[in-house]
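**Student:** Here you go, one structure.
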Amino acid sequence: MPDDLSIWEILNYYYSDAVLFHVQNLGITVSHLVVALFSVLVSLLISMLVRTFLQKRIFKKMKIDQGVEYAMLKVIHYLILILGIFIGLQSINIPLGALVGLFAVVGVGIGFGLQNLTSNFTSGLILLFERPVKVGDRLEMNGVWGDVVRINLRTSIIKTPDEVSIIVPNSKLLDEFVVNYSFGNPRIRIHVPVGVAYGSDVEKVSELLLQAAEENVRVLKTPAAKVWFRAFGDSSLNFELLCWIPSAERKFDTISELNYAIDAAFRANGVEIPFPQRDLHLRSSNVSLGNEA
């Protein structure tokens, strides 16, 4: 070996053809790994360019659903990545039989030790293709209320109205009870419970509740709002205002606005909103105390 070689050239001379491990009868060297890694990096670059082109030039003009766009871009990314890995392995002459055997071994390991990971991975594929939950949907699950902002192969990200990101395993979105307010028709009906004092004019109460709904800009005119007289409570006559809004996105804002409007209308019309009361009766008795000798 010449004496005037640089350190990189010396390392390349000694280690580029050094066999690191064998796959069947093929010795894998550092140069093989570099070629395979380069192929994967090129596939990632191509995936980014293709997805950017589709998103800005094609999908933007088609105005397709956000969830459909996200799922298609994810599928395209994984297909290009798998193709890049395949080309990289083929370029270093790793036989397909060795890959099949490797996947079989990995599959056995996954089956015994990584069942949870496998379940979430499979659920991620189902979410991307079947799309019972998609990006942009508003969900309610175990007290969590928020929008789906990302669906990965293992987990999904739900962002709450408080800008808190919650990481949910994909299997939870399929196995547990999930309320999807965006599935199908996004329109929802909200319920606003109200209690008034006994002796109130119930017809007037119904009129004021409907008026509050009619004056709210978020409430739909069709279907029309309605009022239910629910029950004779312990301390109040219980009513419930039901009205429709275009989507669940402003559900709590609308309920708050209706509560403000109902309180103002009741005050202006002398309708009392009671609070629970209890009567306490005291019984007095004369107790004579004698002096102890």
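The values are calculated or read from the model by the stated rules, or taken from the named source; none is laboratory data. Please read all numbers here as calculations on a predicted model, not as lab measurements. When we count neighbours, we look across all protein chains shown, and the Cβ atoms used for this are built from the backbone with ideal geometry, even at glycine.
**Student:** So, of the residues in the range 169-180 that are over 18 Å from Tyr70 (Cα atoms) and either under 9 Å from the mean Cα position of the chain (by Cα) or among the β-branched types (Val, Ile, Thr) (or both), which turns out to be surrounded by the most Cβ atoms within 10 Å (Cβ to Cβ)?
**Tutor:** Val178
**Student:** Okay, moving on. For the range 238-254, check the following and say yes or no: at least one residue is in contact (Cβ under 8 Å) with a residue 12 or more places away in the chain and over 33 Å from the mean Cα position of the chain (by Cα).
**Tutor:** Checking the range 238-254: at least one residue is in contact (Cβ under 8 Å) with a residue 12 or more places away in the chain and over 33 Å from the mean Cα position of the chain (by Cα).
**Student:** Let me ask something additional. Taking the conditions exactly as written (farther than 16 Å from His191 by Cα and out of contact with any Pro (no Cβ under 8 Å at 6 or more places or on another chain)), does Ala264 satisfy them or not?
**Tutor:** Here the answer is yes, as Ala264 does meet what is asked.
**Student:** Name the residues in the range 224-247 that are loosely packed, with under 14 Cβ neighbours inside 10 Å, assigned to a loop (DSSP other than H, G, I, E, B) and among the hydrophobic types (A, V, I, L, M, F, W, C), would you?
**Tutor:** Ala224
**Student:** Between Arg189, Arg230, which is in contact with a strand residue (DSSP E or B) (Cβ under 8 Å, 6 or more places away or on another chain), more than 28 Å from Ile158 (Cα to Cα) and not acidic (Asp, Glu)?
**Tutor:** Sole residue among the options that is in contact with a strand residue (DSSP E or B) (Cβ under 8 Å, 6 or more places away or on another chain), more than 28 Å from Ile158 (Cα to Cα) and not acidic (Asp, Glu): Arg230.
**Student:** Let me ask something additional. Based on what the data block shows, is Phe183 over 20 Å from Glu249 (Cβ atoms) and either loosely packed, with under 15 Cβ neighbours inside 10 Å or touching a residue at least 24 places away in the same chain (Cβ under 8 Å) (or both)?
**Tutor:** For Phe183, the condition - over 20 Å from Glu249 (Cβ atoms) and either loosely packed, with under 15 Cβ neighbours inside 10 Å or touching a residue at least 24 places away in the same chain (Cβ under 8 Å) (or both) - is not met.
**Student:** Turning to a different aspect of this structure: Tell me which residues, restricted to the range 181-223, are basic (Lys, Arg), under 26 Å from the mean Cα position of the chain (by Cα) and part of a loop (DSSP other than H, G, I, E, B).
**Tutor:** Arg187, Arg218 - these are the residues of the range 181-223 that are basic (Lys, Arg), under 26 Å from the mean Cα position of the chain (by Cα) and part of a loop (DSSP other than H, G, I, E, B).
**Student:** Name the pairs whose Cβ atoms lie under 6 Å apart, with the first residue in the range 53-76 and modelled with pLDDT under 75, the second surrounded by 17 or more Cβ atoms within 10 Å (Cβ to Cβ), and 6 or more positions between them or separate chains?
**Tutor:** Gln66/Val135; Gly67/Lys134; Gly67/Val135; Tyr70/Val135; Ala71/Leu128
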